[in-house]
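The values are calculated or read from the model by the stated rules, or taken from the named source; none is laboratory data. Please read all numbers here as calculations on a predicted model, not as lab measurements. Cβ placement follows ideal geometry from the backbone for every residue including glycine, while neighbour counts extend to all protein chains displayed. Surface accessibility is based on the protein's heavy atoms, side chains included, excluding ligands, DNA and RNA. Shrake-Rupley method; radii C 1.70, N 1.55, O 1.52, S 1.80 Å.
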Amino acid sequence: MSTMRVKLECLLTRGKGTEQRIASFLLDSSHMSHLAMNVAELAQAAGVSSASVIRFARQMGYRGYPEFKVDYLSDEKQHRIKNEYSNPTYYDDTNQIITKSGQMFTVAIEKSLELLEPKIVDRIAQQMVAAKRVVLLGIGSSTIVANDIFHKLINANKDVLFSPDLYMQLSYSVNLNAHDLVIAVTATGNKPDMNGMLKTAKQKGCTIVAITRFGQDESARLADIVLPYFYDEQTSQLGIITPQILQMVVFDTLFFKYLTLVNQDINNVS
């Protein structure tokens, strides 16, 4: 399944100025003429430069605009307008709230899983197996997810370090070494304390994995590998779908892959 539309929706809320303008233009179904546009035409219509369009295509994972356009056209053909439930309102009865909330959870989880690339999941799982120790970082509400990961890895007999106390995490970061794997759980990716610890980890030569929203935030730039999840500004503001739920979903997917590798190692030894 193509992840084109999911990535565009993420950049609409998490991207920089030019990224948001291009994503908004491409997602706007009233601009159907953009399907046949070249770089210069799309740039002019979206109010950005041609260079910005080319950078946008490369950021999306393509070698250039022509390759991006082919995949975009294919995605548009596959996309079907669905009669999805609207967001819950204060006027809904209990049955409507249950139905609409279920739909929103389902869509958010499906879109988060669409963002996961098998090669990235494989790479992180292999890093987890190879690392002598996993050090978890999480601040605020992200400590809930980090603590959940901590207990999963403990139960899997992995050497892992975590404390919900920020000052303890700061002490962990200054005592890291190149054999450690750092997994940072961050919803916004822009907290100074978190990014300060990630900069320290980078100086220590650690491999850094960030579990964060899809987009180019500071934590994602500092990380060696990003495990992204889908973020919707509107549902997050409603407080219905919290980032922690989606972070747990993407990590659990990774964790299952990790367990398959660990079991393979055990079977090979025995």
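Would you pick out the residues in the stretch 159-196 that are open to solvent by less than 40 Å² (accessible area, probe 1.4 Å) and in a loop (DSSP other than H, G, I, E, B)?
Hits for the stretch 159-196 are 162, 163, 176, 186, 187, 189.
Where residues in the stretch 227-268 are surrounded by 15 or more Cβ atoms within 10 Å (Cβ to Cβ) and among the charged types (D, E, K, R), which of them is modelled with the highest pLDDT?
Filtering first and then ranking leaves 257.
Collect the residues in the stretch 135-146 that are open to solvent by less than 10 Å² (accessible area, probe 1.4 Å) and touching an Asp or Glu at 6+ places or on another chain (Cβ under 7 Å), keeping them in residue-number order. Lay out the reasoning, then the answer.
Within the stretch 135-146, the subset open to solvent by less than 10 Å² (accessible area, probe 1.4 Å) is 135-138, 142, 145-146.
Answer for the stretch 135-146, where residues must be open to solvent by less than 10 Å² (accessible area, probe 1.4 Å) and touching an Asp or Glu at 6+ places or on another chain (Cβ under 7 Å): just 135.
Within the stretch 200-214, can you find the residues that are surrounded by 14 or more Cβ atoms within 10 Å (Cβ to Cβ) and either more than 17 Å from the chain's Cα centre (by Cα) or not in a loop (DSSP other than H, G, I, E, B) (or both)?
Scanning the stretch 200-214 gives 200, 201, 202, 204, 206, 207, 208, 209, 210, 211, 212, 213.
Going by what's in this entry, would residue 146 be described as closer than 20 Å to residue 227 by Cβ and not in a helix (DSSP H, G or I)? Before you say what the answer is, go through the steps one by one.
Numbers: closer than 20 Å to residue 227 by Cβ: yes; not in a helix (DSSP H, G or I): no.
No: the conditions fail for residue 146.
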